[in-house]
1. For the range 45-67, which positions are hydrophobic (A, V, I, L, M, F, W, C) and under 11 Å from the mean Cα position of the chain (by Cα)?
2. Which of the helices (runs of 4 or more DSSP H) contained wholly in the range 1-97 include at least 3 residues that are of a type in the set (A, V, I, L, M, F, W, C)?
3. Does Gly70 count as surrounded by fewer than 11 Cβ atoms within 10 Å (Cβ to Cβ), of a type outside the set (Phe, Trp, Tyr) and either under 13 Å from the mean Cα position of the chain (by Cα) or closer than 30 Å to Ala126 by Cα (or both)?
4. Being surrounded by 17 or more Cβ atoms within 10 Å (Cβ to Cβ), at pLDDT below 90 and more than 22 Å from Leu129 (Cβ to Cβ) is true for just one of Pro39, Pro61. Which residue is that?
5. Which one of Arg34, Arg19 is over 28 Å from Asn127 (Cα atoms) and either crowded, with 18+ Cβ neighbours inside 10 Å or at pLDDT below 85 (or both)?
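The values are calculated or read from the model by the stated rules, or taken from the named source; none is laboratory data. The shown structure was predicted, so the numbers you read here are calculated from the model rather than taken from an experiment. Note that each Cβ is placed from the backbone with ideal geometry, even for glycine, and that neighbours are counted across all protein chains shown.
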Amino acid sequence: MEVIPGKPYVGLELPNKKRQTVYLREVLDNAKFRENPSPLTVVLGKDIAGDPVVADLAKMPHLLVAGTTGSGKSVGVNAMILSMLYKAQPEDVRFIMIDPKMLELSVYEGIPHLLTEVVTDMKDAANALRWSVNEMERRYKLMSALGVRNLAGITRKSPKRPAWDVRFRTRTGSRATSMDVQHPVLEKLRISWYWLMNLPT
C-alpha cells in the first residue's frame, strides 16, 4: 500500500510485468536535477508516476544500498556516482573508492575526482580510512575555529573547499570485512563526511 504521488488516493503496488527502462540521460536532463544547486545531487530513478527522483547526498550523508544478486545495486550506485561526476567539478567533490572485488570500480580509475587510486587491497583500505579519520578530526578543529557546524559553514567562511564523498564497498562471504558502526569515531562522520556504502548480499 502506498500513497499515489499527487493524488488523494492510496494504491496497491504490484510488480509491472512489462518494465520500462529508465535511462540516466532522462533524469539528468530533467529540471529537478539540472536546477538542484548541490554538487552532491544523485539520480535515483523514477517513481511509480514516472516522475524523476533525485536526492541531495549532503542531506543524507549515510546511504546503504543492499539487495540480492542481480537486483540492480551496482547499476543504481553507478548512476549515483555518474550523476555526481556530471554535476560537480573535481575541486567540489573527491572520491575514495574501495573495491575488494577489483571489478566494480576499475572503470573510474584515472578520473580527476579521485583522491587516490581505486583501493582494492583491504590493508590499503584501512590506511585510507585512517587518513579519513585524521582528515575528519582536522575538519572538526577547523569548524570549531570558524564557529560553524558543517561543511556548508566552512564553504561560507573560508576559501572554497571540497565536499568529500567517501564510497565504501564491501561484500558478504569469506572476503567480507566489518566495521564497528557504534564506534565513537564513526558517529562523528555524519557532519564532516558523506558516506555511500554498497553492500551486496
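1. In the first step, residues of the range 45-67 are kept if they are hydrophobic (A, V, I, L, M, F, W, C); the result is 48-49, 53-55, 57-58, 60, 63-66.
Those that are hydrophobic (A, V, I, L, M, F, W, C) and under 11 Å from the mean Cα position of the chain (by Cα): Ala55, Leu57, Ala58, Met60, Leu63, Leu64, Val65.
2. Details: elements: 24-28, 31-34, 73-87.
Hits in the range 1-97: 24-28, 73-87.
3. Values: surrounded by fewer than 11 Cβ atoms within 10 Å (Cβ to Cβ): yes; of a type outside the set (Phe, Trp, Tyr): yes; either under 13 Å from the mean Cα position of the chain (by Cα) or closer than 30 Å to Ala126 by Cα (or both): yes.
Yes, satisfied.
4. Numbers: Pro61 fails: more than 22 Å from Leu129 (Cβ to Cβ).
Unique residue meeting the criteria: Pro39.
5. Values: Arg34 fails: either crowded, with 18+ Cβ neighbours inside 10 Å or at pLDDT below 85 (or both).
Step by step, each of Arg34, Arg19 is checked, and only Arg19 is over 28 Å from Asn127 (Cα atoms) and either crowded, with 18+ Cβ neighbours inside 10 Å or at pLDDT below 85 (or both).
One line per residue, one yes/no per condition, for (1) part of a helix (DSSP H, G or I); (2) at pLDDT below 85:
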position: Thr116; (1), (2): no, no
position: Val133; (1), (2): yes, yes
position: Met136; (1), (2): yes, yes
position: Ser144; (1), (2): yes, no
position: Pro159; (1), (2): no, yes
position: Ala163; (1), (2): no, yes
position: Ser178; (1), (2): no, yes
position: Gln182; (1), (2): no, yes
position: Leu186; (1), (2): yes, yes
